[in-house]
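The values are calculated or read from the model by the stated rules, or taken from the named source; none is laboratory data. Remember, it's a predicted structure, so these values are computed and weren't measured experimentally. So basically every Cβ, Gly included, is an ideal-geometry build from the backbone, and we count neighbours across all protein chains shown. Remember, those area values only see protein heavy atoms, side chains included, never the ligands or the DNA or RNA. Shrake-Rupley method; radii C 1.70, N 1.55, O 1.52, S 1.80 Å.
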Amino acid sequence: MTEPVIVAIIGGGFSGTAIAYHLAAQTRHSDIEIVVIEPRERLGDGLAYSSKDPAHRINVPAAKMTMVSAEPDHFTRWLATDAISAGDVLARTTKGDEFPQRSVFGRYVHNHVEPFLHTDSIRHERATALSITPGCERYSIVLTDDKNVDADIVVVATTHPLPSVPRAFLPLIGGPRFIADPYAGDALQEIEQDHAVLVVGTGLTAADVIASLDKNGHRGAIVALSRHGYRSRGHATQAAEPFGSFGG
């Protein structure tokens, strides 16, 4: 009997979990062994959807999000049956668009991969990959729990690293009023309600920080600093064809 092909997916956020889900759904367990290397307790959350702060919501309408591209309404159908989300009165806009909490989308992804975990069609190695060494036939992946995973195919689905601290702010590192990672635990809880806050950047992370401060009753001044002066833009009222060139 031919040995199954071993696919190791490094990273169990949305991308890594969606890959594992589709592989498991379209193959036989006897033909392929799927291993997801992810230190978090639950697959599907990742950095984006592991936030427990109710002020953190998805940034596009739920109708535009899915883990099954052939079924654009896959998430909204699941959301309509989710009893936990039913009481979230802030999730629906006056136009009828739904913006549930980000953790809800992570739970949606996990719920769909969970049956494959129970049948061992997908194996979750709760660890961090330290190194990958190519061998004669397979890759050898060293993990933080003193284990090794051998794989025929390696998929890298890791998150973005934290942004580097601007040079002008390097002397502030380690200070009690400097927060390099706003998603680290209760980092924002140390900010008193009347503190003046400088947010460096005006992207989606800045929106998260401001939303969290507002939820916590912050009364002090908040200044968001941006090199280009742009703010996060709202969604267009109707679809429009893009024009010109733009960068990521």
When Lys and Arg each count +1 and Asp and Glu each count -1, what net charge do the other residues less than 10 Å away from LEU43, Cβ to Cβ, add up to? -1
Ignoring any ligand, DNA or RNA, what whole percent of the accessible area of segment 70-139 comes from carbon and sulfur when the probe is 1.4 angstrom? 54 percent
Please determine, in degrees from 0 to 90 and to the nearest 10, the orientation of helix 14-26 with respect to the longest principal axis defined by the Cα atoms of the chain, where the helix direction is its Cα long axis. 30 degrees
Percentage relative contact order, segment 64-182, counting C-alpha pairs under 8 Å, at least six apart: 10 percent
Tilt, helix 102-118 to longest principal axis of the chain (alpha-carbon atoms), in degrees rounded to tens, equals 10 degrees
Given the options ALA70, ALA206, ALA224, which has the most mean-square fluctuation in a GNM of the chain, springs set between C-alpha atoms less than 10 angstrom apart? ALA70
re segment 130-220: pairs of Cα atoms spaced beyond 22 Å account for a percent value of 50 percent
Looking only at lysines whose Cα falls under 21 Å of LYS95's and that sit 8 or more positions away or on another chain, we get LYS64
Please compute the net charge surrounding THR2, taking Lys and Arg as +1 and Asp and Glu as -1 over other residues with Cβ under 13 Å from its Cβ. -3
Run the numbers on the chain and let me know its relative contact order in percent, using alpha-carbon pairs under 8 Å that are six or more apart. 21 percent
To the nearest 20 Debye, how big is the dipole of the chain about its Cα centre, given +1 on the beta carbon of each Lys and Arg and -1 on that of each Asp and Glu? 920 debye
In whole Å, largest first, what are the principal axis extents of the Cα atoms in segment 120-177? 48, 26, 20
On Cα atoms only, tilt of 204-215 relative to the major axis of the chain in degrees: 60 degrees
Using the Kirkwood formula on the Cα atoms of the chain, what hydrodynamic radius do you get, in angstrom to one decimal? 20.8 Å
For the chain, modelled as a GNM with alpha-carbon contacts under 10 angstrom, which of GLY203, GLY175, GLY11 fluctuates the most? GLY175
Over all directions, segment 78-184 yields a Cα convex hull whose mean projected area in nm² is 12.8 nm²
Counting only residues 5 or more apart in sequence or on a different chain, those whose built amide H sits under 5 Å from that of ILE222 are VAL197
Among trypsin sites (Lys or Arg not before Pro) in segment 72-120, those in a DSSP loop whose Cβ has at most 14 other Cβ atoms within 10 Å are LYS95
Stokes-Einstein D in µm²/s, Kirkwood radius over Cα pairs - segment 32-137 at 4 °C with 1.567 mPa s viscosity: 83 µm²/s
About its Cα centre, how strong a charge dipole does segment 46-143 have in debye, to the nearest 20, once Lys and Arg get +1 and Asp and Glu get -1 at the Cβ? 220 debye
